[in-house]
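See structure below.
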Amino acid sequence: MSRFLVRRILQSFLVVFGVTVVSYGLIFLTGDPTTVLVPQSQFMTAEEIAEVRHKLGFDRPWMVQYLDYMTDVLHGDLGRSYYHRSPNSKLIAEYMPATIELGMAAWLFGLLGLPIGMLAASHRGRLIDSISMLIALVGQAMPIFWQGLLLMLVFAVRLKWLPVSGRGNIAHLILPAVTLGSWPMASNARVMRTSILEVLGQDYIRTARSKGLSGASVLFKHALKNAMIPVITMIGLQVGSLLGGAVITETIFAWPGVGRLFIQAVFTQDIPLVQASVIMASLLYVLINLMVDLSYGWLDPRIRMS
């Protein structure tokens with residue numbers, strides 16, 4: 001198990017390292033980063049631009065600049081936003097609670113797919129199985145932006161049951177959470193059904209049934225734990241992606257989270273804030289993925305032995 005843990009930690013480190021290299025390289029894609037980070041550079045002389053470039057440190061080798069940047073990141077300094085005139089770490093900490101609230105609500109809604117998948121697997125080939133998979137198919141096929149606007153039109157504009165946008169009480173959370181959680185719910189239902197059906201075909205399941213155990217006992221005591229391994233993988237990855245920033249959903253419903261902050265940074269060409277948002281999202285994703293990998297040892301003892 002220790003070798004498994006070390007290997008996963010090293011892989012996570014490499015992923016984060018790659019993300020930091022790519023995110024830092026964003027400011028060099030358009031050529032001179034000085035012209036990107038200093039909007040008034042088009043009105044400056046060549047000497048003034050050279051002076052600003054020297055103050056920002058862009059006249060040094062790229063690797064030296066990257067090492068300095070990573071040194072600041074490791075000390076908790078994610079740079080300073082040019083648009084908000086505030087430290088990026090402070091901005092992300094201010095907007096992150098809204099993203100966590102929305103992400104966890106959508107994740108909990110997505111967990112409804114687990115009983116749907118179990119119900120479909122236990123009634124394979126019947127009407128309830130077809131209905132469950134039809135719901136899952138619609139949930140996966142419907143684009144998030146279209147679904148969000150449709151829910152807003154029906155329940156907020158026409159019926160006036162829920163608020164259109166913003167963040168306040170639980171009523172503001174329902175529409176964006178359902179919009180963001182529909183795809184995870186559909187995915188969980190399909191994966192859960194497939195995984196349970198695969199486990200139910202194993203020899204030890206047939207042995208348990210030959211002993212006279214009821215269908216519910218075979219499903220919950222013998223099949224469910226092994227069937228949860230691929231499901232846990234998908235659920236864990238969903239948590240990372242949801243907390244990393246639901247960009248489209250937060251933009252549609254004007255939800256004040258990191259995803260909306262990221263979109264604002266892109267439109268205002270606030271490159272330092274874009275870099276900081278990408279790094280924080282990758283850290284969340286990698287950490288949750290690592291926790292999912294470690295949970296395999298509890299679900300399947302064979303992984304501990306390997």
- Message: Among the listed residues F145, F155, identify the single one that is closer than 17 Å to A254 by Cα and crowded, with 16+ Cβ neighbours inside 10 Å.
- Response: F155
- Message: Could you tell me how many of the residues in region 126-148 are of a type in the set (A, V, I, L, M, F, W, C), touching a Leu at 6+ places or on another chain (Cβ under 9 Å) and part of a helix (DSSP H, G or I)?
- Response: 2
- Collect the residues in region 46-66 that are on the phi < 0 side of the Ramachandran plot and outside any helix (DSSP H, G or I), keeping them in residue-number order. F58, D59, R60, P61
- Looking only at region 149-172, which residues are closer than 17 Å to G259 by Cβ and either under 18 Å from the mean Cα position of the chain (by Cα) or not in a helix (DSSP H, G or I) (or both)? S165, G166, R167
- Task: Quickly run through region 137-163 and pick out the residues that are among the hydrophobic types (A, V, I, L, M, F, W, C) and in contact (Cβ under 8 Å) with a residue 24 or more places away in the chain.
- Result: L137, V138, M142, I144, F145, L149, L151, M152
- Query: Do you know which residues across region 225-276 are in a helix (DSSP H, G or I), charged (D, E, K, R), crowded, with 17+ Cβ neighbours inside 10 Å and modelled with pLDDT under 85?
  - Reply: none
- Inspect all residues belonging to region 280-295 and state whether any of them is assigned to a helix (DSSP H, G or I), surrounded by 23 or more Cβ atoms within 10 Å (Cβ to Cβ) and at pLDDT 85 or above. no
- Residues of region 67-93 satisfying the condition of being without any contact (Cβ under 8 Å) to a residue 60 or more places away in the chain, surrounded by 14 or more Cβ atoms within 10 Å (Cβ to Cβ) and either part of a helix (DSSP H, G or I) or β-branched (V, I, T) (or both): Y69, M70
- Taking region 238-292, which residues are closer than 21 Å to H75 by Cα and among the hydroxyl-bearing types (S, T, Y)? S277, S282, Y285
- Looking only at region 164-178, which residues are at pLDDT below 90 and surrounded by 13 or more Cβ atoms within 10 Å (Cβ to Cβ)? V164, S165, R167
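The values are calculated or read from the model by the stated rules, or taken from the named source; none is laboratory data. Here the structure is a predicted model, which is why all the values come from computation and not from measurement. FYI the Cβ positions are ideal-geometry reconstructions off the backbone, even for glycines, and counts take in every protein chain you see.
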